[in-house]
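A quick write-up on the structure given underneath.
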Amino acid sequence: MGYVIILDANAIIAAGYRINSSPTIKPFITSGDNKIVIPSVVRDEVLNNYTRDNEDFLQNRDALQSMARRLGVRINIDADVQRDFPHDFDSEIRELGVDIIDISQADIALILRKAQNVEKPFKKKHQGNNRYKEAGGVKDVIIWSLILSYLENKRDEKIVLVTQDSDFLNRETGSLYDDLVTDLTTVGVSKERLTVLHSMKDLVTRIIEPSLPNDAFILSSIKQSLESNGSYLEFKTEDILDMNPEEFRSAIHEAIDSRLGDDRSVTVDYVEQTTAPHLRDIRMLEENLAYLSFTTTLKADFDYLIASDEYYVMDDETRRYLTVLDDEWNDWTLLVQETWYFDAEYEATIDVSTGELQELVLSNDLTIQTEDEYGSSRS
């Protein structure tokens, strides 16, 4: 029997609001006995969260544009870009044949019992004398009830739960709370049949990739062919930018903002690939269509504004990373530039008969490798 893969909202959101976040997912689901399952409450949570994130983006965009005008900076944020996310998300659900567990399947008696006994996934509040009361988590309990209802008739399949929710997972062990393990036992799901993962990337690397065809002779021949004609070695930064420009630029900004803070108004000036891609894995998805995962190093030059008094109180070791582009921006501001290097991981599909790159996605948050050409990193 195949896999039943249950997705929580946080896993979908963290993967860029996508279920089909890797080239391997659709072939894995559509070509076998595997199934993706989403409680209806999870679908609603993803849609609601996207709406809130989009509203935050629009508000921050307007504030950023206003600040830029005051500073005399030109920034390019397309005000007309809109996405019909509910339509896109539901289309993805239909394309992958996702099972949606309707909220009518929730077990009210189970929810009430868990509330009375303050069992996970309810949050609990200590009242003294070893007494507790439930303190939130109703939505998670409904989700859990729907999952249990769905699994009652799944006696043979291997079960995979993808979640980062601390109301499901014990942070110290990374496994489900004992209350939840007991619940699964009551519907016939043993610990041996259950795998708990924390992200869509974990799903790809631990479940999907190992299941793909891996005939050593065939794959060795494909790799040799690709290397001899340079197909996979010829991936250029321009190709990546052309295929996923918004994703790529966004990843660079997020990596920089995570280190410098998101109030710097960073502009990425130039990006190049500094090392040839290193092939990590190759698998066959179907005839003539191969799945590749590879890593490479990217270099990015970017500039931003910094207060003059902040720049001049820096120690020499920190300041050597910055090149001043304009020290007369205004009386209190400098325009500076830095160069950083990033580790990037990619997944791609390629037609092995022609060497044509068909799909390419960034499979990790860009990791800051070094922040200068000498391999050093400032704190």
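Overview of values
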| read-out | value |
| --- | --- |
| Residues located in segment 311-339, provided they are in a helix (DSSP H, G or I) and in contact (Cβ under 8 Å) with a residue 24 or more places away in the chain | TYR311, GLU317, THR318 |
| The listed residue being of a type in the set (Val, Ile, Thr) and touching a strand residue (DSSP E or B) at 6+ places or on another chain (Cβ under 9 Å), out of THR318, THR295 | THR295 |
| Subset of segment 1-31 (residues that are farther than 20 Å from LEU146 by Cβ, touching a helix residue (DSSP H, G or I) at 6+ places or on another chain (Cβ under 8 Å) and of a type in the set (Gly, Ala, Ser)) | ALA14, ALA15, GLY16, SER21, SER22 |
| Selected residue [under 30 Å from ASP262 (Cα atoms), out of contact with any strand residue (DSSP E or B) (no Cβ under 8 Å at 6 or more places or on another chain), aromatic (Phe, Trp, Tyr) and at pLDDT below 90] from PHE28, PHE57, PHE85 | PHE57 |
| Hey, ALA307 in contact (Cβ under 8 Å) with a residue 40 or more places away in the chain and over 22 Å from the mean Cα position of the chain (by Cα) or not | no |
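The values are calculated or read from the model by the stated rules, or taken from the named source; none is laboratory data. Owing to the predicted nature of the structure, the values given are computational and were not obtained by experimental measurement. Don't worry about glycine lacking a Cβ; one is built from the backbone with ideal geometry, like all the others, and counts go over all protein chains shown.
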